[in-house]
Amino acid sequence: MITIRFPDGSNREFPKGITGWEIAKTISTSLAKEAVAVRVGEQLWDLTRPIDCDTPFEVIKRTSDAGLDILRHDTAHVFAEAVKELYPETQITIGPSIQDGFFYDLFREESFTPDDLKHIEERMHEIVNRDEPLTREVWDRQTAIDFFKSQGEFFKAEIITDLPAGDEVTIYRQGNFVDLCRGPHLPSTGKLGHAFKLMKIAGAYWRGDHNNPVLQRVYGTAWSTEKDLQDYLTRLEEAEKRDHRRLGKEMNLFHMQEEAVGSVFWHPKGWALYRILENYIRDKITAEDYVEVKTPQLLDSSLWEASGHWEKFGENMFVVKEEDKTLALKPMSCPCHIQIFRQGIKSYRDLPLRMAEFGACMRNEASGALHGLTRVRSMVQDDGHIFCREDQVKEETRKFCLLLLNVYHELGFEDLTIKFSDRPAVRAGSDEVWDKAETQLEAGARASGLSYTLNPGEGAFYGPKLEFILKDAIGRDWQCGTLQLDFVLPERLDATYIGEDGKKHRPVMLHRAIFGSLERFIAVFIEHYAGKFPLWAAPVQAVIATVTQEGDAYAEKVYQDLRAAGLRVELDTRNEKISYKIRELSLQKIPYIMVVGKKEAEEGTVSLRKLGGEAQETLALHAVIDKLRKEAIPPHKR
RNA sequence: GCCGUCGUAGCUCAGUGGUAGAGCACACCCUUGGUAAGGGUGAGGUCGAGAGUUCAAUCCUCUCCGACGGCACCA
């Protein structure tokens, strides 16, 4: 007999060699039905694998995270089996589970088409219906390698060859399909169910290296129930509706075109939003004793050579030849800020010196990297550099973190994660300097009450950094804010200050941004609010819409009064029915519609309708002005 | 940059080896209508660019440009 310990702490005895599934059945049939695997000690095991010794034990249900993971992995196997049945010449490589589903990387001369995916998906459903048992086998390594080679599966053979020497080579068999896999898997394909769907085909390099062959990657989604699948597909649709590229067009905020790839044409409403956010952040940093500067965009290559950018990022810089000179458009503002710092002699009394710029930067991003406003070639950073002494790093870090948290909070973002990236393998500066830098940056982050995850080895070559990551509506993470410690640039560009001792010292430089780029942040802002901006940030805060021409004169007065009160309003006196105007203005996501007709003109009122609501309230004109003015106060002035 | 898909009216999209169509938007007319689409008429396109095949190309082939989805990249 063996003793099985359950998660609630209870123990029970079972005969040696009992399977996890059998144990689950003794608890309840519904649990056994929900079970996809079991946890035996630290490991996840197949339901059908015999258990030989005393162990902590837990049933993994299909709805749990670990369970879903197994389901998705199983779906990948069923996918691979279907592919091998339909297109036997295909080599299969890896097929892991990922967020919301799985992917499988395939090698085949011919491209898979969307039609092929349909056929594969149909075959997958058939395989599920066949209810093929999955069995686990432990193979000798060389046997496995030879087997896969004999099957023409050279990628698989390579994977096995590269497995760590001590690892067991386990094989899973389902029907005629044999695959290398760590497991665990469901007892049979029938248990998988039908809540999966193949989504798209993409290219991916073998082992993620662009020197390797390109494989065809098929993405699929898989869930424990068909309802979950449906919900997921609905979520995708909803996310698409708030895609900033779509809303940018629909709301007439901006556009992009062939002649300016990677750059933005801001339309009046988009530019209004841009200026509102720029001015907001300007207010915030001014209150924190930043000084704002503006530096050149076109600079001689000698400066970039001195700063190290030429060597390290030259490929991403736009270069301009001018007679005997070589100039480059700035990809970032830091070297320029050091030039300002270097003007005149700085004293330790001048530190910390917080220098900010809305810096227009150009980076020659790879064409495939461009994406709406989130990845552009021409952008404006809410850049800033804090020049300080080493002993001021902690306090400056703390201050910045608090400012950033406050800004994100005021703008409505609460879902924030932080990564602390420490020294990379290739770096400048001594270990002693890095020790100090990491310790202080960490201490500063701690002092602000932030929790963060470690991102080992991902720091910049000149110093460790904090990355602030927002989650957008589609669930994508966006790195917006950043704080980077830099001991190298001040050295390279020879920034000094005079210390208390009367001698020259090197300042430390903190590179920092809250939005990152205005463009990217606006994209995130649009998606976060699905275009329904808070009143203070809405480009057009209200539209006065007339019912008939009888209301025109009064509507004009309302319009002028609202404008005089500092509100961004428009007047809609078109010859259209009021319901038509309401529909159109609602689709434009105008926060308030003010309906003005004969009745309102006589009473000196407006009928106010809030976006998303159906109820209206009729208020005196002055009351409406008060109400909107109050609501339109930016968060930092409340 | 790489792999794949796509590019037709301002927008969303249909379509065909014999030089094109819908809905919305736009213009004009009728309508003055009270909270998510009133009606009529009209204008609008070198079918992304270039080359090739063909009697004939928006459609087939190739090259280029761009967009989209991934991959790689993201100081």
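For trypsin sites (Lys or Arg not before Pro), no site in segment A:296-362 is both called loop by DSSP and has at most 15 other Cβ atoms within 10 Å. The region of chain A that goes longest without hitting one of the chymotrypsin sites (Phe, Trp or Tyr not before Pro) in a DSSP loop, each with at most 16 other Cβ atoms within 10 Å, is A:1-317. Within segment A:167-197, what residues put their amide N at less than 19 Å from the label point 7 Å along the Cα-to-Cβ vector of A:T143? Counting backbone N atoms under 19 Å from the label point, the list is A:167-183. Computed from Cα atoms, the angle from the helix A:65-86 axis to the main principal axis of chain A rounds to 70 degrees. Taking 25 Å as R0, compute the FRET efficiency from the Cβ-Cβ separation of A:D350 and A:T439 and round it to 0.05. Calculated transfer efficiency: 0.50.
Run the dipole for chain A about the Cα centre, Lys and Arg Cβ at +1, Asp and Glu Cβ at -1, nothing else charged, and hand back the magnitude in debye, nearest 20.
Dipole size: approximately 1600 debye.
Along each principal axis, taking the top coordinate minus the bottom one, the Cα set of segment A:1-151 gives 56, 35, 27 Å in descending order.
If one puts a single equal scatterer on every Cα of segment A:66-239 and applies the Debye formula without solvent, what log₁₀ I(q)/I(0) results at q = 0.08, 0.11, 0.19 Å⁻¹? Here log10 of I(q) over I(0) equals -0.23, -0.45, -1.35. Can you tell me the length gained on complete extension of the stretch A:V320 to A:N575, counting 0.36 nm per residue apart and subtracting the Cα distance? Extra length available between A:V320 and A:N575 comes to 86.5 nm.
For A:N455, the residues 5 or more places off, or on other chains, whose built amide H falls under 5 Å of its own are A:F420, A:S421, A:D422.
Measuring between their Cα centroids, segment A:180-240 and segment A:313-350 lie 47 Å from each other.
Sorting the segments A:29-40, A:619-630 by their residues' average number of neighbouring beta-carbon atoms within 10 angstrom, most packed first, yields A:29-40, A:619-630.
Using only side-chain charges placed at the Cβ, +1 for Lys and Arg and -1 for Asp and Glu, the dipole size of segment A:66-239 relative to its Cα centre rounds to 140 debye.
At q = 0.29 Å⁻¹ the log10 of I(q)/I(0) for segment A:2-61 amounts to -1.42, computed by Debye summation with a single uniform scatterer per C-alpha, solvent ignored. In this Cβ point-charge picture (+1 for Lys and Arg, -1 for Asp and Glu), segment A:395-516 has a dipole of about 160 debye about its Cα centre.
For the pair A:R108 and A:K627, label points projected 7 Å from Cα toward Cβ lie 6.2 nm apart. Cross-link partners of A:K557 among aspartates and glutamates, defined as those whose alpha carbon lies under 17 angstrom from its own and excluding same-chain residues fewer than eight positions apart: A:E570, A:D572, A:E600, A:E602, A:E603, A:D626.
With the convex hull drawn over the C-alpha atoms of chain A, the volume per residue is 240 Å³. Calculated on the alpha-carbon coordinates, the convex hull of segment A:349-423 measures out at 163 cubic angstrom per residue.
So what are segment A:535-637's ellipsoid semi-axes, whole angstrom, largest first, if each one is the square root of 5 times an eigenvalue of the alpha-carbon gyration tensor? The equivalent ellipsoid of segment A:535-637 has semi-axes of 20, 16, 12 Å. The angle separating the long axis of helix A:114-130 from the principal Cα axis of greatest extent in chain A is about 40 degrees.
Among the listed pairs A:K241/A:K284; A:K84/A:K149; A:K346/A:K394; A:K84/A:K191; A:K249/A:K269, those with a Cα-Cα distance over 23 Å are A:K241/A:K284.
The relative contact order of chain A comes to 9 percent, based on Cα pairs under 8 Å that sit 6 or more residues apart.
Rounded to the nearest 10 degrees, the inclination of helix A:226-241 to the longest alpha-carbon principal axis of chain A is 30 degrees. Which residues in segment A:283-327 have a backbone N closer than 20 Å to a point placed 7 Å from the Cα of A:V261 along the Cα-to-Cβ line? Only A:314-321 pass the distance filter. DSSP finds beta bridges in segment A:472-570, and of those with both partners inside it, around 80 percent are antiparallel.
Counting every pair of alpha carbons in segment A:136-228, the share spaced more than 23 Å apart comes to 42 percent.
Straightening the chain between A:N455 and A:D283 buys 58.7 nm, computed as 0.36 nm per residue apart minus the Cα-Cα spacing. The Stokes-Einstein estimate for segment A:471-614, based on a Kirkwood radius over Cα pairs and taken at 10 °C with 1.306 mPa s viscosity, is a diffusion coefficient of 83 µm²/s. Could you name the lysines in cross-link range of A:K312, using Cα to Cα under 21 Å and dropping any fewer than eight places away on the same chain? Leaving aside lysines fewer than 8 places away in the same chain, those within reach of A:K312 are A:K321, A:K325, A:K330, A:K465.
Laboratory data are not the source of any read-out in this text; all were calculated from the coordinates shown. What you are looking at is a predicted structure, and each value in this text was computed from that prediction instead of being measured. All Cβ positions, glycine included, derive from the backbone under ideal geometry; neighbour counts span all protein chains shown.
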